[in-house]
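Taking it in order: structure first as structure tokens, then the write-up.
Read-outs throughout are calculated quantities, based only on the coordinates presented, and are distinct from any laboratory measurement. Computed from a predicted model, the values in this text were never measured in an experiment. Here the Cβ is made from the backbone with ideal geometry for all residues, glycine too, and neighbour counts use every protein chain on show.
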Amino acid sequence: MSDAPILVDADACPVKDEIYNVAWRRGVAVKIVSNSHLRVPDHPLIDRIVVSDGFDAADDWIAEAAGPGSVVITSDILLAERCLKAGAQVIGNNGKPFTAGSIGPARGGAAGGDGSIGGPAPFTKSDRSRFLQALDAALAATARRRG
């Protein structure tokens, strides 16, 4: 189990500022995990983890740190699946939670009908709002479980 309730797959995460604000308001720790040096606020709740640039190094670090007390933020379906198996709650950057039931369809939908891989849909204001609600709900659920 992680000592940080929020683990962030940070290299392409569009909601880092929202994560910081929720963390500060709730007093929870955040680990920002990336393959390169990212600018993060100088705050005792925020910890920057820079891993090697090896294939899946950030994903491996997050998957090993994830556990029943953590909330993982990622858009990576395979990482989400690994973290769910470890007992973590997983939220996509768009605020949609990953669940055991949603992983299979998400993996199948990653390729287009012609077999091509498409990028994510454009990030919207409603995605940002949904993300904030989902993160707050996940942290509340984690706090309830801890007692």
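DSSP beta bridges fully contained in the chain are about 15 percent antiparallel.
Mind running the shape call on the chain? Use the C-alpha gyration tensor, a ≥ b ≥ c as the square roots of the eigenvalues: rounded below 1.5 for a/c, prolate if a/b tops b/c, oblate otherwise. Note, shape of the chain comes out rounded.
Farthest toward the positive end of the dipole of the chain, out of L38, A140, V22, is the Cα of A140, where the dipole comes from beta carbon charges about the Cα centre. With the chain treated as a Gaussian network of Cα nodes joined by springs under 10 Å, which of P41, P68, P97 yields the largest mean-square fluctuation? Highest fluctuation among the options: P41.
Listed by chain and number, the aspartates and glutamates whose C-alpha is less than 16 Å from the C-alpha of K31, apart from same-chain residues fewer than 8 away, are D3, D9, D11, D17, E18, D42, D47, D59, D60, E64. From a point 7 Å beyond the Cα of W24 in the direction of its Cβ, which residues of the stretch 66-94 have a backbone N at a distance under 11 Å? The answer is none.
Only helices enter this figure: runs of n ≥ 4 DSSP H residues, each worth -39500 (n - 2.57), summed and divided by the residues of the chain, yield -12500 deg cm²/dmol at 222 nm to the nearest 500.
When +1 charges are put on Lys and Arg Cβ atoms and -1 charges on Asp and Glu Cβ atoms, the dipole computed for the stretch 6-146 relative to its Cα centre reaches about 720 debye.
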